[in-house]
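What follows is a structure written as structure tokens; I'll ask about it next.
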Amino acid sequence: MATGVIPHIDDLHRHIEASAKRGVAAHLLAGMTVDEVTGVERRMNALLPLALRDLFRATAGIDVAGFGVVDFRGTLPFQLEGFEHALPLVADDVGNMWVLDADDAGCLTVLFVSHAPPVVVIQAEGLSAFMVQIFEPRGPERLIAPLVETIWRKDPFAASRIELLSNRDAVVQRFSHDLRMGDFLYDLRGRRPGMGFTWNPAAPVPIRRAGAALIFASRSPHVLATRCRQLLMRLWSRLAAPVRRA
């Protein structure tokens with residue numbers, strides 16, 4: 001894992017000093033004990049890289065005025081199928097959550113898990129980028145709001161079973177084999193901020209995941225309705241097109 005995605009404690013001190021000059025107060029929480037760090041690993045079902053263990057031993061989180069407390073101990077209530085390797089970091093005012101997700105490639109990605117609307121979006125490629133965002137005006141919400149809107153309205157990363165027939169990726173092939181009609185697959189392994197998917201909280205299994213890979217599947221009625229509208233619009237445009245005579 002690249003250490004650049006994990007901030008050093010000195011980086012956080014510099015962020016705090018810079019924010020103080022802008023009139024934004026922030027302070028670090030006391031560091032974790034060895035047992036607390038081990039508890040975080042148990043919660044994430046993953047071994048933490050040494051750089052992250054060192055950060056957690058130095059501080060258990062950071063409190064930024066106007067945004068809230070980013071808690072590295074994972075004390076916030078968060079349970080959602082498909083996110084067994086995720087550590088809840090901080091929630092917004094309505095209970096949507098930013099989580100640190102450990103995937104099977106050894107990458108740590110910050111995801112925004114929203115319930116209203118039901119959307120999951122990549123917020124940052126690593127904890128370092130997220131730590132920068134929490135000190136910016138309006139914090140991470142300024143960046144995530146338009147991304148959530150795009151995923152909810154367009155769901156651009158959805159792939160249907162038919163669209164996956166030509167995909168030769170072995171992991172995608174194995175995972176898509178068990179998808180049901182109406183399921184959509186989302187391959188987020190590119191880890192670009194803004195990648196994401198919609199999901200259906202009312203479904204028996206709201207979100208499915210290909211092990212610990214950043215590959216998900218969901219059955220969102222919103223996506224089905226959107227795809228049906230797009231199909232009808234394409235059919236209508238073809239029917240309305242002028243007929244060319246030989």
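Computed from the coordinates by the stated procedures, all read-outs in this text should not be read as laboratory data. Nothing here was measured: the structure is a model prediction, and the numbers come from that model. Cβ coordinates were reconstructed from backbone atoms using ideal geometry, including for glycine residues, and neighbour counts include every protein chain displayed.
Could you state the angle between the C-alpha long axis of helix 139-154 and the longest principal axis of the C-alpha atoms of the chain, as a value from 0 to 90 degrees rounded to the nearest 10?
Helix 139-154 sits roughly 10 degrees off the main axis of the chain.
Now, a different point. What's the exposure ranking of R180, R191, going from fewest to most Cβ atoms within 10 Å?
Taking fewest neighbouring Cβ atoms as first place, the list is R180, R191.
Work out how much length T38 to A65 would gain on full extension: take 0.36 nm times their residue separation and subtract the Cα-Cα distance, in nm to one decimal.
6.8 nm
At A202 and L76, where each label point lies 7 Å from the Cα along Cα→Cβ, what is the point-to-point distance in nanometres?
2.7
Now for a separate question. Provide the convex hull volume over Cα atoms per residue for the stretch 28-143, in Å³.
Each residue corresponds to 100 Å³ of Cα convex hull volume.
Over the Cα atoms of the stretch 100-206, how large are the radius of gyration and the largest Cα-Cα distance (Dmax), in Å?
In order Rg, Dmax, the Cα atoms of the stretch 100-206 give 14.9, 45 Å.
Would you be so kind as to identify which of V90, W152, N167 lies farthest towards the positive end of the dipole of the chain, taking Lys and Arg as +1 and Asp and Glu as -1 on Cβ and the Cα centre as origin?
Positive-end residue among those listed: N167.
Angle check, please: helix 34-44 long axis (alpha carbons) against the longest principal axis of the chain (alpha carbons), in degrees 0 to 90, nearest 10.
Long axis of 34-44 versus the principal axis of the chain: about 10 degrees.
How do the peptides 201-211, 141-151 rank, highest first, by the average count of neighbouring beta carbon atoms within 10 Å per residue?
Those peptides, ordered most packed to least, come out 141-151, 201-211.
Explain nothing, just the number: dipole magnitude of the stretch 129-193 about its Cα centre with +1 on each Lys and Arg Cβ and -1 on each Asp and Glu Cβ, in debye rounded to the nearest 20.
The calculated dipole for the stretch 129-193 is roughly 100 debye.
Another one. Let's see if you can work this out: charge +1 on each Lys and Arg Cβ, -1 on each Asp and Glu Cβ, no other charges. What is the dipole magnitude of the stretch 1-132 about its Cα centre, in debye to the nearest 20? Mind dumping the intermediate values first?
Details: 8 positive and 17 negative charges, 70 e Å.
It comes to approximately 340 debye.
Could you work out the helix-only [θ] at 222 nm for the chain, with each DSSP H run of four or more residues adding -39,500 (n - 2.57) and the total divided by the number of residues, to the nearest 500 deg cm²/dmol? Kindly include the intermediate steps, with their values, before the conclusion.
Details: 7 runs with 84 residues, N = 246.
Theoretical 222 nm ellipticity from helices: -10500 deg cm²/dmol.
Note down the relative contact order for the chain as a percent, whole number, built from C-alpha pairs under 8 angstrom at least six residues apart. Spell out each step's value before the answer.
Details: 395 pairs, mean separation 36.5, N = 246.
After rounding, I find 15 percent.
Quick one: angle between helix 9-21 and the longest Cα principal axis of the chain, in degrees between 0 and 90, rounded to 10, please.
On a 0 to 90 degree scale, this one is about 90.
Let me ask something additional. Taking neighbour counts of Cβ atoms within 10 Å as a proxy for exposure, in what order, fewest first, do D63, D187, D93 appear?
Numbers: D63 15, D187 21, D93 7.
Least to most surrounded, the residues fall as D93, D63, D187.
Right, another one. By what distance, in whole Å, do the Cα atoms of the chain stretch along each of the three principal axes, largest value first?
Computed over the chain, the largest-to-smallest principal extents equal 77, 39, 33 Å.
Give the Rg (one decimal place) followed by the Dmax (whole number) of the stretch 1-48, computed from C-alpha coordinates and expressed in Å.
Reported Rg and Dmax, both Å: 14.2, 39.
Using the crude model of +1 on Lys and Arg Cβ and -1 on Asp and Glu Cβ, and no other charge, please compute the dipole size for the chain relative to its Cα centre, in debye to 20. All intermediate terms of the calculation are to be shown ahead of the outcome.
Working: 28 positive and 26 negative charges, 318 e Å.
In total the dipole reaches around 1520 debye.
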